[in-house]
Amino acid sequence: MQRIGVFVCWCGSNIASTVDVKKVAEVLKAEPGVVISENYQYMCSENGQALIRNAIKEHSLTGIVVCSCSPRMHEATFRRTAESAGLNPYMVEIANIREQCSWIHKDMEEATEKAIILGRSAIAKLKLNAPLTSGESAVVKRALVIGGGIAGIQSALDIAEAGFEVDIVETSPTIGGNMAKLDKTFPTLDCAACILTPKMVDCAQNEKIDILTYSEVESVKGFVGNFKVQIRKKARFVDEKKCTGCGECMQKCPSKKGLNDFNMGLNTRPAIYIPFAQAIPNVAVIDPEQCLKLKNGKCGLCAMKCNVNAIDYTQKDEIIEREYGAIVVATGYKPISLENFNEYGYSQYKDVVTSLELERLMNAAGPSEGHLVRPSDHKEPKVITFIQCVGSRDTSGCGKPYCSKICCMYTAKHAMLIREKYPDTEVHVFYIDVRTPGKNYDEFFRRAVEQYGVDYVKGMVGKVYEENGKLMVQGADLINNEQVVIPSDLVVLAAAIEPSPTVRKIATMVTASIDTNNFLTEAHAKLRPVESPTAGIFLSGVCQGPKDIPETVSQASACAAKVIGLLAKDKLKCNASVAHSDETLCSGCSVCANVCPYGAITYVDKEFRLGGGKTELRRVASVNPAVCQGCGACTVTCPSGAMDLKGFTTGQIMAEVDAICKR
Amino acid sequence: MQKLNELALEKAKTLLANGTVARVLGWKKGELGYDLEPAVFYSESDLEGFIYNAFSGANLSKYLIEESKKEGKVLVFLKPCDSYSFNQLVKEHRIVKENVYTVGIECQGKLDVKKLKEKGIEIVDGVIENVDDVTVISLGKEYNFVKEEVLLGKCSVCEKHLLSYDEVISLHDKRTPKLDRFEIVKKLEAMTADERYAFWKGELSKCIRCNACRNVCPACNCLKCVFDNDASGIASKANSDSFEEKLFHIIRAFHVAGRCTDCGECSRVCPQAIPLHLLNRKFISDINRLYGEFQAGEDDVTKGPLTAYTTGDAEPSEVFGGNK
Amino acid sequence: MKKISCENLSKLYSEIASLQELYLPVKESGVTNYKKYENGAEVDIKTLKTVKSAKDFFFPQTEDMMEFKVNGKNIEINDARKVANPFVIFGVRACDLKSFDILDKVFLQEPVDTMYKAKREASTIITLACNNPEQTCFCKTFGIDASNPAGDISAIIVNGEMLFEAKTEKGAELLNKLTCLEDAGDTDADAERAEIVKKSENLPFANLNLDEFKGENLMKLFDRPEWAELSKACLGCGTCTFVCPTCQCFDIRDFITNEGVRRFRCWDSCMYSEFTKMAAENPRKTQLQRYRQRFMHKLVYFPQNNDGVYGCVGCGRCVQKCPQNLNIIKVIKKLGGKNND
Amino acid sequence: MQEIKKDYKPLIVAFCCNWCSYAGADLAGSSRLSYPAEVKIIRVPCSCRVNPTFILKAFQRGADGVIICGCHPGDCHYTSGNYFARRRMSLLFSMLDYLGIERERTRVEWVSAAEGAKFSAVMNDFAKTVTELGENKRLEDLRCKN
C-alpha cells in the first residue's frame, strides 16, 4: 500500500496569493493513497525541508508530491531532501503550481481548482513511480585520439599534461598532418614547422603519450568510460624500435619512382622512406606497392645497408586491442578532388596548382627547396593568379555548400609572401567575398592589398586556357563591370576542404552522427561544441567543421578539457531515467536502434524457457544505461510497448492524462 | 495459369525429394473449390492436396516466423505481394532467411469469394484464368468475368512485381492494374470532414474486434500486441464504445505505418467488410507525398520513413492532404 | 395463418416498430446485420447469414454489469444492468433459432444469468424459413429443418407473399395486433416447405457423419494427430467465435471512467492466446490446443453434458468468414467418421 | 457545427518538452504572461516521447484539444527527437483529419526556453480555436463522461 505525502508550498505570497493553498492541501488529502497533506510558507527552506523529512520518517511515506514551483527549479532540491530522509529520490513528484498556475491566473477559484488537478496528476504519476538508481560504471583512465594532426596533437598533449595516458592513432607514417606541410602561418607569418615540430617532439617524448602511426582504428565497442578499441598497426617492414632514422636506406633504394605524398605528389621518393626530416617517429617505412623485394623478392638492398638490422620484410599487420575512457576524433580534412572543375584546367595544365601544392612549392623543405618555380618548366612565374572559392559556397552540386573558412586568409598570406620575396611578380586574386573575421585578420588582408599591392578582382573565373605558353584566366570584374583575361604563369586554386574520407567509417564505429557534408555533429551547436551527442566521443579540429589553426588549437584544448573532466572521475553516474526493454515483449525487430541518437541499443540473442524443458533463442533489445540519455524516441517507435522509459513510463504519462481529464 | 500449379507442384516435389528443403509452405485444396487454406506439406503424398490457383490469395509470409525457426529449410511460394511482406519480416529479424528457400510465383490477381457470391456463385468446380478475364465453373454453369469485377480489392490495384528469390516460376508478364491504388483515398480526402467522419463512423462501427485484421497482418508481428497486454493501459477485448473502435484501428495503422507493404490482407479477411486498407493506404500516400516514395518490403535493409527524417520535413500544420 | 404481400413488408415493419422495438436484418456499409428498424432502412431478408448472429440480442458483445463510483477515499457500488424493454426480432432463421436453445442450456441453468434471462423474456421472435439454403448451409446435419422454424411466430415466403403462423401465445398476441396482415385463407406453405427440404437434402454438407463424436471417444479424438494439420493455418483471431451463434464465452473487465470503474462483460474467444491465461500459467499454449478446444467443445464436450445436443447449428458462418478457410466442416470430415467424402 | 454552450470551457492537454517548451512555460509564468487555466501541461523529456496513444487517450478522457510542444527543429536536446516527433505527429494528425476529426483540435508548436511570450500566445490562440470548435464529440468515449 502506498503512503503518499503531499506538501503544498505557499512560496510566500507567490503561490498563496492566487491559490488557496490550504484548500489544495485539504482536497488532496482525500485522494486515495495520501496519508498526510501539509502546507507551508517556503517548502524549499531549511524548515520546509525539515517538515518533509520528518513527515517521511514519521508516516513511513513511500513517496511525496510537492506542489510548488517548477521542477526545473527545485526538483533536485526535494529529491535530495527525500534521499536524506531515506526515501528514494525518484519517489518525488513536483506539481508546478507557481509558474503554471499562480503566476498566470488571477482568479483564486480557478487557480485553486487547477492547482488541485495538477496535484492529482502528480499523485497519479507518483503512484506508478518506481525507485530508480543511477547505475555506475568505472572509467578507464586512458584516452584515444584518432588523428595526429595539430588538433590531435594538441588534445593529446593537454590530456597527457593532466596526467592521463593517451594514444594517438594516425594513418600515415608520421604525425603532423596538414599543418606539417605548410610553409608559413597567418596572420603572424611564422613558419609552421617551427611551431609544430616542437609539439610533435613533445608528443614523442611525453611518457603518457603512445603514438601509433601507420595505424587505423579497426573497431570500437563499448560506451563512455569503457570503450574497447581494436587498432590495426599496418606492417611497416621496419622495426620501429631499431630504426634510427639515419636515412641510409633511402639513398640506396633503387626503386625511386614513388610519388611523394608529403610534397603533394610534386616530386618522387624511394620505396623506403621517411616522409620528411622532422617526422615523428623518425622511422622509415616501406611502400609495399613499390618495393622490389616485397613485390618480386629481388632486391633487399636496404636490409643490407641497414646498420641496425631494422628491416624486416616478413612483418605483418598487427591488431592491438586497448581500452579507453574517452575517444577524441581529430581526423582533419583534405582538399576536395577537383574533377568537377575542369574549367580551371587543373587536370590539363601542370601550372594550375592547389594552394596546398603552392605551400610545398614555397616551402624550404619542399621539392624546389623554397624557390618558387612553375612545376612545368621550373621557371620563376612572373604573373600569378589566385582563384578563390573553388568548390566552396557552391550550391550547384559540384562542390560544397559551405565556406571553407581558411582560404581567404591563406591566399592573402601567399600573395604577400610572393610579393615580399619576388617583388616584380604580379599577383591577382579573383574572389567572391573576402572574409577575414578574427584577431588581426582583416589588418593582415589589408596589408596584402595596401602594402603589397596585390590585385584583388571581385568576380568569378569562367575558365582557364592556354595561349602562347600563358595560362589565360578569363573572369568577370564585377566592380569595373567588365570581362578580364589575365595571362598568367601560375594559377593557384583555393580548393575547398572536406572532412577526411576516413571520418565516415569512424563515425559509424563510434555511433557519432554526421551531417550532410560529412562533418561530425556536435552535441549542441552552441553549448556543447566539442562533444558528440554520443557520450564519451569528443570532436577536435576540422572533423567538426572548417577551422584555421588557432581555432583548431583552441577547440583541441577545449576538447581535452572535456576529456580530462571525464577521466578525472573514478565512476560515472548514469542517468537514472533511461529506457528499458521488457525482454518478454521484445521481438527484436530493431526499429528502436534506428531512432536512438546515442547508439545505446544493441541486440542480443537470449535464451528463453518455453516450458516443458524447451528453450528458444530470441533476439531482444538491450539498452546500455550508461549510454542512454533518456529521450524516449525508442519507446514510441516500439509497437509492442516493450521499450519504456523509466521515470516517464507510458503508464505514468497516461495516468497523468487520466488525472488531468477527470472533471 | 493451370500450368503454374503444375510447375509449382513439380518444384515442390523435386526440392523435397532431393533434400533441399524439409517442408513446403503453400496452399491446400478445400471443400468448396475456393476455400484454399495455407498449409505445410512434408512429403510427396502430402502434396496431393497442394494447389496454386486463382484462390491462392492468402499471404504465406507470416507463417514463416514460426516455420523458419524449425529444423531444416522450408520452401515457400511467394506471390509478388507476399514477397514484400517477406522482405519486411526479414528486415525486422522475424524470419530466419537462411532457413527459407524462396520461390517467386507469377500472379495475375486472385479472386474475391465475396464478390463471386454476390454474382450468385456459392461453390466452384473449376476456374479458367486468363490475364484479363476469368471463367468460373459452378454447378455445371460457366460464368465469365472481367478481372476487375471479381478480383480481391488488393489485386485490382496491385503494382507489385517479383523481387529476388532462389527461383522464380513465371510464364507471363504481370498484368498492369487498371485502377489507381490511391483513388479511394483521394476521394475520401476530397470529401468534407463531416462526410469523412460519417463514412468512417459507418465503417468502423461494424468492427467486432475479432482481431482478424491484426492477426493476419504480417506487420503485426509483435510477440504480444499492446491491445492484448493488460499492462499497456490500452488493452481491450471488445469495442465497448465508438472510441475504442477508432483507437484500435488508428493505433494499429500507426504501428504498421512505414512497415505496411499494402498487402491488403486486413481487408481481405475482415468479416464485416471494413475497408481497413484505406487507413494504411492513407499513411502510405502521406509518406509518399511528404517524405518521398517509399515501398515497404522492397528490400530488407532500407530504414523505414518513421525511423528516419530530414531537417526540412513538412510541419504537422501543413501536412493535411484533404479537404477541410 | 396470416399473410402480406412481400411488396408491402415495409408496412409490416413500421407497424411492428410502432408497437415495440423491432430488430431485423439491415444492409449497411455493404454488410447485413441485425439492426433496429428505422424508416428507410435497407431491410435485407434475402441474406441468410447475417454477419453477426441473432445471439447478440440476448448476449450482446459488451454489457455493463456494475459501477464503482470513487469519490476521494469512498467507493459506492451501483447496479449498471439495463432494463430490458419488450422487443421483436424479425427474420430469425432456423439455425439461429436453434442456437437460442443451446444458449439457454448455458445461461438459464442455475445459477441463472439474469441479464440473459431478462432479454430472452422480453423478446418476441419471428422466424423466417430459408427458401434458398446455401451451399455452405449444413443445419440438416444437426437435424434442423430450415423450412419450418418455430419461434413465437413462424414466417415463410410463398409466391411473393409472406405467411405467418403464431407458435406461442406471445406470438399470437402480437400477430393479432398487426392490422396490415390479412387472413391467409387457404394459402398454405406445404409445397414450398417440401421444396426447401428437398433443396437442403441436396446440399453438399447436408449429411455429414458425426458418429465418432461420442463421449467414449473423447480421449481418442483429443489425441488425434490430424489436429496439427487442421489447425496449422489458424491465425488465432476470433472471427469464428464472434460470428458463431452458439459461442458463449465471455470475460469480465473493468473500465476506468472519469468517476470510478465500470465493470462490464464482453465476448471472449477461446481462439485468443490469452483466453486461458491465469495468474500462474496458461494451460493452452499452442494454437493447436485452442483450435482443438473449440471443436471438441462443440462436437464432444457440449453434447456430452447436454443430452447429445451438439454445440453447432450448421449455419455456415464460420465457413464463410474464416480468413484462412478453416472451418468445422473440415474438422467433421476429418474426424467424424466414414462416408464424409 | 455544434452549438456551443455559453460558459463552455474546453479542456486542453499540452505535452511539453522538458528542455524547451516546459521551460518556456516557466518563463511565461515568471513573466506573468497568462493563458487560460484550461491548459494543463504534462512534462515529457522530449517531444519524441509523446506516443500517439497519449493523444488519443486524452481525447478519450474528454480533452477537447491536444498540443505538443517541442524544441525548434535543429535544437533538440537529444539532437533528433523532435524530427521523429514531427514525422509521427504529421502522419497522426493527417490520419485524424482523414477520419473526419477536426484538424484544429491537434497542434504541434516549437517553443524554445526563451520564448515565454510565444508559449503564452500559442496557448491563448489554441484555447481560443478549441473553444470555437466546441466539445470534442468525434473522438470521445461516452463511458468517461457520466
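Identify, please: which residue in the range A:107-117 is surrounded by fewer than 24 Cβ atoms within 10 Å (Cβ to Cβ) and at the interface with chain D (Cβ under 7 Å from one of its Cβ atoms) and is, among those, nearest to residue D:30 (Cα to Cα)? Here the answer is A:111. Among the residues of the range A:643-663, those identified as of a type in the set (A, V, I, L, M) and assigned to a helix (DSSP H, G or I) are A:653, A:654, A:655, A:657, A:659, A:660.
Pairing each residue of the range A:1-26 that is of a type in the set (Phe, Trp, Tyr) with any residue that is modelled with pLDDT of 95 or more and assigned to a loop (DSSP other than H, G, I, E, B), provided the two are 6+ apart or on different chains, yields C-beta distances under 7 Å for A:7/A:43; A:10/A:16; A:10/A:41.
Residue under question is residue C:157, and the condition is that it be surrounded by fewer than 21 Cβ atoms within 10 Å (Cβ to Cβ), in contact with a helix residue (DSSP H, G or I) (Cβ under 9 Å, 6 or more places away or on another chain), closer than 18 Å to residue C:45 by Cβ and of a type in the set (Val, Ile, Thr); does it hold?
Working: surrounded by fewer than 21 Cβ atoms within 10 Å (Cβ to Cβ): yes; in contact with a helix residue (DSSP H, G or I) (Cβ under 9 Å, 6 or more places away or on another chain): yes; closer than 18 Å to residue C:45 by Cβ: yes; of a type in the set (Val, Ile, Thr): yes.
Considered against the rule, which asks whether it is surrounded by fewer than 21 Cβ atoms within 10 Å (Cβ to Cβ), in contact with a helix residue (DSSP H, G or I) (Cβ under 9 Å, 6 or more places away or on another chain), closer than 18 Å to residue C:45 by Cβ and of a type in the set (Val, Ile, Thr), residue C:157 comes out as yes.
List the strands (runs of 3 or more DSSP E) inside the range A:464-568, counting only whole elements, that have at least 3 residues being surrounded by fewer than 24 Cβ atoms within 10 Å (Cβ to Cβ) and of a type in the set (Val, Ile, Thr).
Values: elements: A:470-477, A:482-488, A:490-495, A:497-499, A:537-539.
Here the list reads A:482-488.
Name the residues in the range C:37-81 that are more than 14 Å from chain A (Cβ to nearest Cβ), charged (D, E, K, R) and farther than 22 Å from residue C:252 by Cα, would you? Scanning the range C:37-81 gives C:38, C:42, C:44, C:46, C:49.
Going by the structure shown, is residue A:24 touching a helix residue (DSSP H, G or I) at 6+ places or on another chain (Cβ under 6 Å), of a type outside the set (Phe, Trp, Tyr) and at pLDDT 95 or above? So residue A:24 passes the test. Quick one: is residue A:512 aliphatic (A, V, I, L, M), within 14 Å of chain D (Cβ to nearest Cβ) and under 24 Å from residue A:404 (Cβ atoms)? Taking the combined requirement at face value, the residue satisfies it. Of everything in the range A:39-77 that is within 14 Å of chain D (Cβ to nearest Cβ) and among the charged types (D, E, K, R), the residue that is farthest from residue A:93 (Cα to Cα) is A:72.
Can you name the residue in the range B:273-298 that is assigned to a loop (DSSP other than H, G, I, E, B) and within 17 Å of the chain's Cα centre (by Cα) and is also nearest to the other protein chains (Cβ to nearest Cβ) among such residues? First the steps, then the outcome.
Start the filter on the range B:273-298 by keeping residues that are assigned to a loop (DSSP other than H, G, I, E, B), which leaves B:273-276, B:292-298.
Going one step further and asking which of them are within 17 Å of the chain's Cα centre (by Cα), we end up with B:273-276, B:295-298.
Working: B:273: 5, B:274: 8, B:275: 9, B:276: 12, B:295: 16, B:296: 12, B:297: 14, B:298: 17 Å.
So the residue we want is B:273.
Within the range B:16-46, the set of residues being buried (at least 20 other Cβ atoms within 10 Å of the Cβ) and more than 13 Å from every other protein chain (Cβ to nearest Cβ) comprises B:16, B:21. Can you spot a residue in the range A:60-83 that is farther than 25 Å from residue D:19 by Cα and in a helix (DSSP H, G or I)? Among the residues of the range A:60-83, not one is farther than 25 Å from residue D:19 by Cα and in a helix (DSSP H, G or I), which makes the answer no. The set of residues from the range A:130-149 being outside any loop (DSSP other than H, G, I, E, B) and at pLDDT below 95 comprises A:136, A:137, A:138.
When residue C:245 is tested against (1) facing another protein chain (nearest Cβ under 8 Å); (2) in a loop (DSSP other than H, G, I, E, B); (3) in contact with an Asp or Glu (Cβ under 8 Å, 6 or more places away or on another chain), exactly one condition is not met: (1). Residues in the range A:150-183 that are part of a strand (DSSP E or B) and over 19 Å from residue A:542 (Cα atoms): A:165, A:166, A:167.
Among the candidates D:26, D:64, which residue alone is touching an Asp or Glu at 6+ places or on another chain (Cβ under 9 Å), farther than 24 Å from residue D:143 by Cβ, charged (D, E, K, R) and away from chain B (no Cβ under 11 Å)?
On the way: D:64 fails: farther than 24 Å from residue D:143 by Cβ.
Result of the check over D:26, D:64: D:26.
Might you let me know whether the range D:68-86 holds any residue that is outside any loop (DSSP other than H, G, I, E, B), of a type in the set (D, E, K, R), touching a residue at least 12 places away in the same chain (Cβ under 8 Å) and more than 7 Å from chain A (Cβ to nearest Cβ)? Yes, the range D:68-86 contains at least one residue that is outside any loop (DSSP other than H, G, I, E, B), of a type in the set (D, E, K, R), touching a residue at least 12 places away in the same chain (Cβ under 8 Å) and more than 7 Å from chain A (Cβ to nearest Cβ).
Strands (runs of 3 or more DSSP E) fully within the range A:285-359 that include at least 1 residues being β-branched (Val, Ile, Thr) and buried (at least 22 other Cβ atoms within 10 Å of the Cβ): A:326-329, A:352-354.
Sub-6 Å Cβ pairs linking a first residue in the range B:305-320 that is within 14 Å of chain A (Cβ to nearest Cβ) to a second residue that is part of a loop (DSSP other than H, G, I, E, B) and not aliphatic (A, V, I, L, M), at least 6 apart or interchain, are B:305/B:258; B:305/B:294; B:306/B:258, ordered by first then second residue. Out of everything in the range C:253-312 that is among the basic types (Lys, Arg) and within 25 Å of residue D:60 (Cβ to Cβ), what residue ends up being farthest from the other protein chains (Cβ to nearest Cβ)? Checked the range C:253-312; the qualifying residue farthest from the other protein chains (Cβ to nearest Cβ) is C:263. Identify the residue in the range B:234-253 that is of a type in the set (A, V, I, L, M, F, W, C) and more than 17 Å from the chain's Cα centre (by Cα) and, among all such residues, is farthest from residue D:63 (Cα to Cα). Looking at the filtered set, the residue picked out is B:238. Which of the residues that make up the range A:549-601 are within 13 Å of chain B (Cβ to nearest Cβ) and of a type in the set (Ser, Thr, Tyr)? Within the range A:549-601, A:581, A:584, A:587, A:590 meet the criteria. When residues in the range A:219-231 are screened for being surrounded by fewer than 18 Cβ atoms within 10 Å (Cβ to Cβ) and at pLDDT 95 or above, 1 of them pass.
Checking D:37, D:127 one by one, the residue that is outside any helix (DSSP H, G or I), away from chain B (no Cβ under 14 Å) and within 14 Å of the chain's Cα centre (by Cα) is D:37 and no other.
Listed here are the strands (runs of 3 or more DSSP E) enclosed by the range C:50-154 that have at least 3 residues being in contact (Cβ under 8 Å) with a residue 24 or more places away in the chain: C:62-71, C:87-92, C:123-128. Within the range A:395-436, restricting attention to residues that are of a type in the set (A, V, I, L, M) and part of a loop (DSSP other than H, G, I, E, B), which residue is surrounded by the most Cβ atoms within 10 Å (Cβ to Cβ)? Here the answer is A:406. Of the numbered criteria (1) over 18 Å from residue A:222 (Cβ atoms); (2) of a type in the set (S, T, N, Q); (3) in a loop (DSSP other than H, G, I, E, B), the one residue A:629 fails is (1).
Among the residues of the range A:81-99 satisfying the criterion of being surrounded by fewer than 24 Cβ atoms within 10 Å (Cβ to Cβ) and polar (S, T, N, Q), which is farthest from the chain's Cα centre (by Cα)? If we take residues in the range A:81-99 being surrounded by fewer than 24 Cβ atoms within 10 Å (Cβ to Cβ) and polar (S, T, N, Q), then A:84 is farthest from the chain's Cα centre (by Cα).
For the range A:273-300, which residues satisfy the criterion of being β-branched (Val, Ile, Thr) and in contact with an Asp or Glu (Cβ under 7 Å, 6 or more places away or on another chain)?
Going residue by residue through the range A:273-300, those that are β-branched (Val, Ile, Thr) are A:274, A:280, A:283, A:285-286.
Answer for the range A:273-300, where residues must be β-branched (Val, Ile, Thr) and in contact with an Asp or Glu (Cβ under 7 Å, 6 or more places away or on another chain): just A:283.
The values are calculated or read from the model by the stated rules, or taken from the named source; none is laboratory data. What you see is a predicted model, and the numbers here were worked out from it, not measured in a lab. Note: ideal-geometry Cβ built from the backbone for every residue, glycine included; neighbour counts use all protein chains shown.
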